[in-house]
Amino acid sequence: MIAPASERALVFAPRGRDAELTCKLLATHGTEVARCARACDLVTGIRDGAGCAILTSDVIDRDLHRELHAWLAAQPPWSDFPMIVLTSDTGATRDAAFDLGNMTILERPVAPPTLLAAVRAALRARRRQYDARAAIHQRDQFLAMLSHELRNPLAAIVLAAEPLAERTSHPVLINRLALIARQANHLSRLVNDLLR
């Protein structure tokens, strides 16, 4: 299941007209966008499940870097939050934010089609992450149901064979009931190993 906020792009560019122009461009082309006035708005938007973030390199100060790094490091294993950084100096930006993970660095001035393509790719990647998480959840539910459906009949077979073996003195029947119990226990161990 896709989180509704995962289709939204956050824009954090408090200086100049970058935020205004980026928001206008994305909204015009059908992308839901939220403008962040402060760093805490950006971090809150990311925590709330936004699809990607677009920020300018000049806002990545030590505090924001530390906060983003902490949040990104604490992401669940399925998550790899995408960020797009607009910069005038790609080398300095790469050095300052190399450890933030899934980052696309675009050198300014950015052509509108390039920015649109980068945002769409980031949102598509995020959507796939949510889809993968949903598929894993469905698989886990299926395995839990399968485990239950397999273990119940095996337990009944084992429980039915034990009292019969105790009540009979016929050697052939005793051997066959012991075989049933052994094989049912073996199958039960296999199911447990497979469905862990």
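The values are calculated or read from the model by the stated rules, or taken from the named source; none is laboratory data. Bear in mind the structure is a predicted one, so any value in this text is a computation, not a measurement. When we count neighbours, we look across all protein chains shown, and the Cβ atoms used for this are built from the backbone with ideal geometry, even at glycine.
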Worksheet item: Could you say which residue among A37, A53 is of a type in the set (G, A, S) and within 24 Å of the chain's Cα centre (by Cα)?
Response: A53
Worksheet item: Of L177, L190, L159, L106, which residue is free of Cβ contacts under 8 Å to residues at least 40 places away in the same chain and outside any helix (DSSP H, G or I)?
Response: L106
Discussion item. Return the residues of the range 22-46 that are surrounded by 15 or more Cβ atoms within 10 Å (Cβ to Cβ), part of a loop (DSSP other than H, G, I, E, B) and of a type outside the set (A, V, I, L, M, F, W, C); say none if nothing qualifies.
Written reply: T31
Worksheet item: Is it true that some residue in the range 54-77 is modelled with pLDDT of 85 or more, under 24 Å from L116 (Cβ atoms), touching a Lys or Arg at 6+ places or on another chain (Cβ under 8 Å) and not polar (S, T, N, Q)?
Response: no
Worksheet item: Of the residues that make up the range 137-159, is at least one of a type in the set (S, T, N, Q) and under 18 Å from the mean Cα position of the chain (by Cα)?
Response: yes
Worksheet item: For A19, are the conditions met, namely being over 15 Å from P82 (Cβ atoms), modelled with pLDDT of 85 or more, assigned to a helix (DSSP H, G or I) and in the same structural domain as R108 (by TED's automatic domain parsing)?
Response: yes
Practice prompt. For G49, work out the one condition from (1) assigned to a helix (DSSP H, G or I); (2) closer than 22 Å to A117 by Cα; (3) touching a helix residue (DSSP H, G or I) at 6+ places or on another chain (Cβ under 6 Å) it doesn't fulfil.
Written response: (1)
Worksheet item: When the range 52-76 is examined, which residues are found to be surrounded by 16 or more Cβ atoms within 10 Å (Cβ to Cβ) and in a loop (DSSP other than H, G, I, E, B)?
Response: I60
Discussion item. Name the residue that is nearest to V11 (Cα to Cα), counting only residues in the range 77-88 that are part of a loop (DSSP other than H, G, I, E, B) and in contact (Cβ under 8 Å) with a residue 12 or more places away in the chain.
Written reply: P82
